[in-house]
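To keep things clear, I will list the structure first and then write my remarks on it.
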Amino acid sequence: MSSSTPYRPPRKQGAAFRFIVVVMVPPLRVLMKRDWRGGENIPRTGGVVIAANHISHVDALAFGHYIYGNGRVPRFLAKSGVFKNKFVGRVLRAAKQIPVYRDTADAANALRDAIAAVSDGQAVAMYPEGTISRDPALWPMAAKSGAARIALTTGCPVIPVAQWGAQEILAYHEKKPHLLPRKRMIMLAGPPVDLDDLRALPQNADTLREATDRIMDAITELLAKVRGEEPPARRFVPADEADNDNEDGIENGLGNGLGNGIGTGAGTGAGIGGRGTGNGTENDNGVSAAADRTAARGDAEGDSGKQVESA
């Protein structure tokens, strides 16, 4: 199927993001077939969280291109390793991308910066799962609460997006990409997730879980339409931090790979040539995990207090 969404890049991009576009978009258009749908659901202005499923180390390229082609400049929450390459780090910071320092004292800064970006009217792109899906059939997994926190704090809409096809270029655990024949990147955006009844409630663990579940339900429903299949009745729950060592190795490769791709102008062809170049937007783990632990402690302390008072 050809794309049903017109290609309409944003007029205002900024010099740094424009540089990324000039280097990356031409090879993306050559290497990936576009099957874009639902672009009318992405608001042209105003703060918004755009949340997608995560299936490959290269799907951030397709996801970012889709957002850009629908009139918005994406602000990704990206793993800090992407910023370690000096040149790439300078470009990404100038383009207002948001580093995530997972499992550190600075992890909460990414959530703060994302909230500030949305409050400033920008489009923040996120993977609520926080990492590539470990579901054997690549259905969306249980997610972290970062997207829900941003939406409930700012009042912004959350636009769910299902993507499919990038895994055919580079599947998880594969090192060599399969660029030919060209793969079709299916992107489908849905209407905003209904969170209105949750916005006035306390931002406790129950509220955040309900909001997160609604976001993931919307993404899963869209993916089921794309795939023409029934999703599993229950979402896959990954082992806690089981693949952190592997992911940390990948993020370092991403910084170097993007550095080579951007620095030489070779674009995606050079970038995808190394496994690490696919992503780096495995964004939500450290931020939301830390925030979730804090919320859980708060809820536990609150419950404890109530028991003491009732006693």
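The values are calculated or read from the model by the stated rules, or taken from the named source; none is laboratory data. Worth saying up front: this structure is predicted, and the values here are computed from it rather than measured. Don't worry about glycine lacking a Cβ; one is built from the backbone with ideal geometry, like all the others, and counts go over all protein chains shown. These area figures cover heavy atoms from the full protein model, side chains too; ligands, DNA and RNA do not enter into them. Shrake-Rupley method; radii C 1.70, N 1.55, O 1.52, S 1.80 Å.
Points to keep in mind about this one:
- Fully extended contour minus Cα-Cα distance, from ASN109 to GLU174, at 0.36 nm per residue: 20.2 nm
- Straightening the chain between GLU230 and ALA205 buys 6.1 nm, computed as 0.36 nm per residue apart minus the Cα-Cα spacing.
- Over 23 Å between alpha carbons, listed pairs LYS183/LYS225; LYS144/LYS183; LYS12/LYS86; LYS33/LYS176; LYS144/LYS176; LYS84/LYS175: LYS144/LYS183; LYS12/LYS86; LYS144/LYS176
- The residues TRP164, TRP36, sorted by heavy-atom accessible surface at 1.4 Å with ligands and nucleic acids left out, run TRP164, TRP36 from largest to smallest.
- Of interest is the spacing of the C-alpha centroids, which for segment 41-80 and segment 115-187 amounts to 8 Å.
- Highest average first, the peptides 108-118, 171-181 ordered by how many other beta carbon atoms sit within 10 Å of their residues are 108-118, 171-181.
- Fully extending the segment from ARG182 to VAL22 would add 55.5 nm, taking 0.36 nm per residue of separation and subtracting the current Cα-Cα distance.
- Sites VAL30 and LYS84, calculated FRET efficiency, Cβ-Cβ separation with R0 45 Å, nearest 0.05: 0.95
- For segment 41-187, taking the reciprocal of the average inverse distance between every pair of different Cα atoms yields a Kirkwood hydrodynamic radius of 15.9 Å.
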